[in-house]
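Presented below is the structure to which this report refers.
Readers should treat all values here as calculations from the given coordinates under stated rules, not as data from a laboratory. In this text, all values refer to a predicted model and were calculated from it rather than measured experimentally. Ideal geometry is used to build each Cβ from the backbone, glycine not excepted, and the neighbour counts take in all protein chains shown.
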Amino acid sequence: MRLVGYTSILLIANIVVFILQMILGSDFSRNFILIPELASSQPWMFFTYMFFHADLIHLFFNMFGLYMFGSLVERRIGSNKFLALYIGSGLLAAVVGFFVYDAALGASAAVVATVAAAIMFFPNSQVLFWGIIPMKMWQFGLLFIGIELYSSVFVQNNVGNFAHIIGFIIGLAYAYYHIRVVDKELLKKKIKVSRAETIEVMDGTKYQEYIKKNK
């Protein structure tokens, strides 16, 4: 899959930050991951936490999700809107996480929002779950959110399932808004332009010129 624009930049940024984490250690990370008791005096944590990861596996799965679905969504809605969705979902998840977690880090909420948007935009496209089981995107979405809901209630671990759910809801909501509002407005503008061009071509002298050119 060919990467585009901000998708490739975000991938590189996350990998570079992880390398810095490995070199500079936990003291470096502590200044940038979201720690609620410190965030009021270090508000940049609400943004920077999404570029830090707990370990290589955490980084791999997030970047794999971004690699698989980021370019799809970015091409569909444009680079600036994609970046707004990615960063915005990460920030909103951080606000929620401020009241829920003792500490939070990772691009999970932003990546899950991207995946959810891809599901809404391309519901009938096929994916391979765990690289083995073929299913449609909407089926994958139901399975994903089911696992997250179950894990958030019945499984005790260090995974931010609640943040994943928040990201999923944000991604679905944004894509739904884009389809129902933004796409319809763009279609209306195209229709207006098309009609205006037709009227201009068929008007007076231009009509005669049009006839001569198309004999």
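Restricting the first member to the range 38-59 and to residues that are small (Gly, Ala, Ser), and the second to residues that are surrounded by 14 or more Cβ atoms within 10 Å (Cβ to Cβ), the beta-carbon pairs closer than 8 Å and six or more apart or on different chains are Ala39/Met45; Ala39/Phe46; Ala39/Phe98; Ala54/Leu105; Ala54/Gly106. Quick one: Arg75 ticks every box in (1) in contact (Cβ under 8 Å) with a residue 40 or more places away in the chain; (2) within 23 Å of Phe162 (Cβ to Cβ); (3) assigned to a helix (DSSP H, G or I) bar one, so which box is it? Here Arg75 meets the rest and fails (2).
One residue is enough: does the range 123-143 have a residue meeting the conditions within 30 Å of Ser26 (Cβ to Cβ) and surrounded by 20 or more Cβ atoms within 10 Å (Cβ to Cβ)? No: zero hits. Filter the range 55-84 down to the residues that are in contact with a Gly (Cβ under 7 Å, 6 or more places away or on another chain) and surrounded by fewer than 19 Cβ atoms within 10 Å (Cβ to Cβ), then identify the one that is farthest from Met22 (Cα to Cα). Going through the qualifying residues, I end up with Ser79. None of Gln21, Gln42 is over 27 Å from Val115 (Cα atoms), polar (S, T, N, Q) and more than 22 Å from the chain's Cα centre (by Cα) except Gln42.
Table: residues versus (1) closer than 28 Å to Arg30 by Cβ; (2) of a type in the set (Ser, Thr, Tyr).
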position: His53; (1), (2): yes, no
position: Leu59; (1), (2): yes, no
position: Ile77; (1), (2): no, no
position: Phe82; (1), (2): no, no
position: Tyr86; (1), (2): yes, yes
position: Leu92; (1), (2): yes, no
position: Val96; (1), (2): yes, no
position: Tyr101; (1), (2): yes, yes
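In the set (1) in contact (Cβ under 8 Å) with a residue 60 or more places away in the chain; (2) closer than 25 Å to Gly5 by Cα, the condition left unmet by Phe168 is number (1). I need the full set of residues from the range 96-122 which are touching a Gly at 6+ places or on another chain (Cβ under 8 Å) and surrounded by fewer than 18 Cβ atoms within 10 Å (Cβ to Cβ), in order please. Across the range 96-122, the qualifying residue is only Tyr101.
Taking the condition touching a His at 6+ places or on another chain (Cβ under 9 Å) and aromatic (Phe, Trp, Tyr), does Phe28 pass? Judged against the criteria, Phe28 is not a match. For Ile87, the conditions (1) buried (at least 20 other Cβ atoms within 10 Å of the Cβ); (2) within 10 Å of Met50 (Cα to Cα) all hold with the exception of (1).
The lone criterion from (1) more than 25 Å from Val17 (Cα to Cα); (2) touching a His at 6+ places or on another chain (Cβ under 6 Å); (3) of a type outside the set (S, T, N, Q) left unmet by Leu143 is number (2).
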